[in-house]
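The values are calculated or read from the model by the stated rules, or taken from the named source; none is laboratory data. Here the structure is a predicted model, which is why all the values come from computation and not from measurement. We place every Cβ from the backbone using ideal geometry, glycine too, and count neighbours over all the protein chains shown. Keep in mind that these areas ignore ligands, DNA and RNA; they rest on the heavy atoms of the full protein, side chains included. Shrake-Rupley method; radii C 1.70, N 1.55, O 1.52, S 1.80 Å.
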Amino acid sequence: MCNYSDMLAKIKRQPSLERLSRLYGLRNGELAKQVSRYTGLVKTHEDSFHTKAPLYMISAPGRTEIIGNHTDHNNGRVLAAAVNLDCLACVSPRDDMTVRIQSAGYPGIELSLDDLSKHPEEEGTSAALVRGVAKAMADRGYRLGGFDAAVTSDVIGGSGLSSSAAYEVMVCAVIDALYNGFTVDSTVRAQISQYAENEYFGKPSGLMDQMACSTGGLVTIDFKDVKNPVVEPLFYDFQQAGYSLVVVNTGGSHDNLTDEYAAVRTEMQAVANALGRDVLRQVRPEELWQAIPELRIKLGERPILRALHFMSENRRVKDMVAGIRNGDLNAMFESIIASGESSWMLLQNLYPAGKEQPLSLALAMASYQLKGKGAWRVHGGGFAGTTLNFVPNAQVEDFVSKLEAVFGAHACYVLNVRPEGAAVVFAPQAE
């Protein structure tokens, strides 16, 4: 049994501080910030639920897409990393099937896992993700049970750092830790989470976001066989090499852009279908080039351009991985910059038609400041949200100052790669 006072004391012990340092890093008082965040969440759980049941602290990180923009949904390759922003839950089991969640900044959720059917009125909500995760776990034979959770997240919502994937993975990890001994494989956990997002939440995402959040670290993932993706951990310390990862939140939101994302996937698959294939990974690049005259008549130009992006981006992931393994920073940056230019010119996912263009402005500013000494690209799904920049450590303060002068205070996030994916950070038996 671990009650509130026990958990509060545990968080401040030296082994716990070392655990938090591993997950979140030590930059700019991060450890003190996380201790305050964890203890505050425990107190929120106490105020909301006041239970004598054992307490768990469970975390799932956001992710950064290093390279591989919109390749996963057509069975391509990606390179991604978990980051030290996460969705964090203080959670306790219940003796029934009721789920109650209090999330900072959002209305509370209460539902029963006795009912795992789709509720159309829940589409696009956190409740849909909870019910969808539970349904996928039940279908795979995992035990379910109710829980009370206080949740907070510093993964920026609607910005391309995969706040929804972090939430899904966190919910799966909660049910797994409380009722299945935390035995779900990281790939299975990602597939469960993707099912919830696709089928219950209503967003046709690929598997990359969930895989990166679930697995942790710097990983390259090959989705050629989407049911059995090949995940390879990589090791490269950008900080030690003299560069910081800076994500710039341009203020645009991914909300109400589901149709824009869906069009990328459907247009790529339309090209594949026209060539007698299911997905672009099954199409040879030369086959695509030869078919352009017929494809243009049948589909128009944009689907072809997006398919061309897929072909070159899939190759760039291999080039980037080779650069990491060889320690060739210049080759890595060349791949990242080329990826961003391809997303801008061919994939066309920097802004919805006829709307504001903050991502384009942020990338133009980054190019001006970092050309010849860093790298920059659109981050994640695009159309709104964030850019990813590799900034020399000595230039971070100046870079942040200039970008925040345009996009507002706290628009920039200097991130660490988090070595773990979904994690039971503290559990009652882990004394």
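Computed from Cα atoms, the angle from the helix 358-370 axis to the main principal axis of the chain rounds to 80 degrees. Using heavy atoms of the protein chains and a probe of 1.4 Å, the accessible area assigned to residue 346 is about 40 Å². The label point for residue 326 and the one for residue 398, both projected 7 Å from the Cα toward the Cβ, are 3.0 nm apart.
Taking the Cβ-Cβ separation of residue 121 and residue 33 as r and a Förster radius of 45 Å, what is the calculated FRET efficiency to the nearest 0.05? Each step should come with its number before you reach the end.
Working: r = 37 Å, r/R0 = 0.83.
Computed FRET efficiency for residue 121 and residue 33: 0.75.
With only Cα atoms counted, the stretch 193-264 has Rg and Dmax values of 15.4, 43 Å.
Under 5 Å between amide hydrogens, built in the peptide plane, is the criterion, and for residue 244 it picks out 391, 393 among residues at least 5 positions away or on other chains. Checking the cross-link pairs 318/402; 10/33; 135/318; 12/52 against a 26 Å limit on the alpha carbon distance flags 318/402; 135/318 as lying beyond it.
Put simply, the convex hull of the Cα atoms in the stretch 269-337 casts, on average, a shadow of 5.0 nm².
The charge dipole of the stretch 312-351, taken about the Cα centre with unit charges on the Cβ atoms of Lys, Arg (+1) and Asp, Glu (-1), comes to about 140 debye, rounded to the nearest 20. Relative protection proxy for 395-406, 84-95, from highest mean packing down: 84-95, 395-406 (other beta-carbon atoms within 10 angstrom). Size descriptor for the stretch 127-225, Kirkwood hydrodynamic radius: 13.6 Å (Cα pairs only, one decimal). What residue among 313, 267, 18 has the largest mean-square fluctuation in a Gaussian network model of the chain, using Cα springs under 10 Å? Most flexible of the set in this elastic network: 18. At q = 0.13, 0.16, 0.22 Å⁻¹ the log10 of I(q)/I(0) for the stretch 1-135 amounts to -0.75, -1.02, -1.29, computed by Debye summation with a single uniform scatterer per C-alpha, solvent ignored. Between 108, 25, 146, the residue with the greatest mean-square fluctuation in the GNM of the chain (Cα pairs under 10 Å linked by springs) is 108. Within the chain, DSSP assigns beta bridges of which about 90% are antiparallel (rounded to the nearest 5).
Work out, step by step, the length gained on full extension between residue 345 and residue 96: first 0.36 nm times the residue separation, then minus their alpha carbon distance; give nm to one decimal. The partial results should precede the final answer.
Details: separation 249, 0.36 × 249 = 89.64 nm, distance 5.31 nm.
Separation in residues times 0.36 nm, less the Cα-Cα distance, equals 84.3 nm.
Post the alpha-carbon centroid distance, the stretch 402-431 to the stretch 101-144, in whole angstrom. One Cα centre to the other: 25 Å. Hey, in the GNM for the chain with a 10 angstrom Cα cutoff, which one of 178, 129, 111 fluctuates hardest? Looking only at 178, 129, 111, the biggest GNM fluctuation is shown by 111. Toward the positive end of the charge dipole of the chain, with +1 on the Cβ of Lys and Arg and -1 on the Cβ of Asp and Glu, the farthest Cα among 383, 421, 322 is that of 322.
Using a 1.4 Å probe, what is the accessible area per residue for the chain, in Å²?
Numbers: 17560 Å² over 431 residues.
Each residue of the chain exposes 41 Å² on average to a 1.4 Å probe.
The gain in end-to-end length when the residue 143 to residue 230 segment is fully stretched comes to 28.6 nm, 0.36 nm per residue minus the alpha carbon separation.
Per residue Cα convex hull volume for the stretch 321-362, in cubic angstrom? Don't jump to the answer; show the numbers that get you there.
Numbers: hull volume 3.0 nm³, N = 42.
With only Cα atoms used, the stretch 321-362 gives 72 Å³ per residue.
Separation of the stretch 314-332 and the stretch 1-31, taken as the distance between their Cα centroids, equals 36 angstrom. Pair-distance distribution of the stretch 231-314: all C-alpha pairs, bin width 5 Å, starting at 0; shares per bin in whole percent are 3, 12, 19, 15, 11, 11, 13, 11, 4, 1, 0.
How many percent of the accessible area of the chain is carbon or sulfur, using a 1.4 Å probe? Before the final figure, lay out the partial values.
Values: 8680 of 17560 Å².
Within the chain, the accessible surface is 49 percent carbon and sulfur.
Across the stretch 79-88, coupling constants 3J(HN,Hα) worked out from phi with the 6.51/-1.76/1.60 Karplus curve, θ = phi - 60°, read 10, 9, 8, 6, 10, 8, 10, 8, 9, 10 Hz, and Gly and Pro carry x.
Axis of helix 301-326 versus longest Cα principal axis of the chain: the two differ by about 70°, to the nearest ten degrees. Across all C-alpha atoms in the stretch 324-391, the radius of gyration and Dmax reach 12.3, 43 Å. Put simply, the stretch 171-326 fits an ellipsoid with semi-axes of 30, 22, 17 Å; these come from the alpha carbon gyration tensor as the roots of five times its eigenvalues, largest first. Loop-located trypsin sites (Lys or Arg not before Pro) across the stretch 13-60 with a Cβ neighbour count of 14 or fewer within 10 Å are 13, 52, with loop assigned by DSSP.
Based on the inverse mean of 1/r over its pairs of different Cα atoms, what is the Kirkwood hydrodynamic radius of the chain, in Å?
Numbers: mean 1/r = 0.0452 Å⁻¹.
That comes to 22.1 Å for the chain.
Distance between the pseudo-spin-label points of residue 183 and residue 298 (7 Å out from Cα toward the beta carbon): 4.8 nm. In a reduced charge model with +1 at each Lys and Arg Cβ and -1 at each Asp and Glu Cβ, the chain shows a dipole moment near 700 debye about its Cα centre. Stokes-Einstein diffusion coefficient for the stretch 64-128 at 37 °C in a medium of 0.692 mPa s, Rh from the Kirkwood formula over Cα pairs: what value in µm²/s? The diffusion coefficient I find is 212 µm²/s. Overall dimensions of the stretch 332-431, expressed as equivalent-ellipsoid semi-axes from the Cα gyration tensor (√(5λ), whole Å, largest first), are 29, 18, 15.
Over the stretch 12-78, the alpha carbon radius of gyration divided by the compact-protein estimate 2.2 N^0.38 Å works out to 1.60.
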